[in-house]
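The values are calculated or read from the model by the stated rules, or taken from the named source; none is laboratory data. Note that the structure is predicted; figures quoted are calculated from it, not measured. Cβ sites come from the backbone with ideal geometry, for glycine too, and all protein chains shown count toward neighbours. Side chains included, ligands, DNA and RNA excluded: accessible areas come from the protein's heavy atoms. Shrake-Rupley method; radii C 1.70, N 1.55, O 1.52, S 1.80 Å.
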Amino acid sequence: MCTQTRAAALMANVPRADIDPSGVFKYVLIRVHSREEGDDSEIDIVRGYGWAEFHADIYDKVSEELEKGGHLDCECIGGGRIKHDPQDKKIHVYGYSIGFGRANHAVTTEILKAQYSDYEVTWDNEGY
């Protein structure tokens with residue numbers, strides 16, 4: 001019989017991407033992993049919001065929510081910016097975070113493509 005850890009069950013319900021519906025805003029790429037012994041499961045998630053003055057604002061809010069209960073741990077693996085144009089169905093990922101460094105935009109775009117399959121999702125390393 002196969003049993004799933006509490007952390008793996010929690011991660012299965014974490015949306016892989018959550019970004020503002022439109023505009024240009026900061027984003028972070030966060031690695032969520034289990035804190036349970038013997039469970040090395042992990043997922044990468046994208047969070048991007050216009051309300052954030054700093055990339056750390058997003059990470060602090062998201063990690064606090066996910067780490068409640070003690071089953072999950074979060075690590076910010078970089079940041080950048082997202083330009084989301086829902087009218088033209090385009091998302092462009094670029095730039096970097098001064099505090100966290102540049103996220104792997106290729107990973108970010110793959111996560112976004114899964115959620116926005118009818119969009120053109122692109123990236124480059126230009127810009128701030």
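What is the percent carbon and sulfur in the accessible area of the range 1-115, measuring with a 1.4 Å probe over the protein chains and ignoring ligands?
In the range 1-115, the share of accessible area belonging to carbon and sulfur is 46 percent.
If every alpha-carbon in the chain counts as one equal scatterer, what log10 I(q)/I(0) does Debye give at q = 0.12, 0.13, 0.21 1/Å?
Each listed q maps to, in turn, -0.45, -0.52, -1.16.
Summing Lys, Arg as +1 and Asp, Glu as -1, what charge do residues with Cβ under 11 Å from the Cβ of Val62 carry, Val62 excluded? Before the final figure, lay out the partial values.
Values: positive: Arg47, Lys61; negative: Asp18, Asp57, Asp60, Glu64, Glu65, Glu67.
Once positives and negatives cancel, what remains is -4.
Under the Kirkwood approximation for Rh and a Cα-based Rg, what ratio Rg/Rh is obtained for the range 82-128?
Details: Rg = 10.8 Å, Rh = 10.9 Å.
Across the range 82-128, the Cα-based Rg/Rh ratio is 0.99.
Cut-off 10 angstrom, C-alpha nodes, Gaussian network model of the chain. Which of Tyr59, Tyr116, Tyr96 fluctuates the most?
Greatest mean-square fluctuation among the candidates belongs to Tyr116.
Just in the range 61-108: which trypsin sites (Lys or Arg not before Pro) are loop by DSSP and have at most 12 other Cβ atoms within 10 Å?
Those satisfying the criteria are Lys68, Lys89.
Just to confirm the number: angle between the C-alpha axis of helix 55-67 and the first principal axis of the chain, 0 to 90 degrees, nearest 10?
Tilt relative to the chain: about 20 degrees.
Treating the angle as unsigned and between 0 and 90°, give the value, to the nearest 10°, between the Cα long axis of helix 105-115 and the longest Cα principal axis of the chain.
80 degrees
Which far-off residues, 5 or more places away or on another chain, put their amide H under 5 Å from the one on Tyr27, with H placed in the peptide plane?
For Tyr27, the qualifying residues are Gly80, Arg81, Ile82.
What whole-number distance in Å separates the alpha-carbon centres of the range 96-127 and the range 56-88?
13 Å
Per residue, how much accessible area does the chain show when a 1.4 Å probe rolls over the protein heavy atoms, in square angstrom?
Spelled out: the 1.4 Å probe surface of the chain, per residue, equals 56 Å².
Here is the link list: Lys68/Lys113; Lys61/Lys90; Lys61/Lys113; Lys89/Lys113; Lys26/Lys61. Which ones come out longer than 22 Å on Cα distance?
Result: Lys68/Lys113; Lys61/Lys90; Lys61/Lys113 exceed 22 Å.
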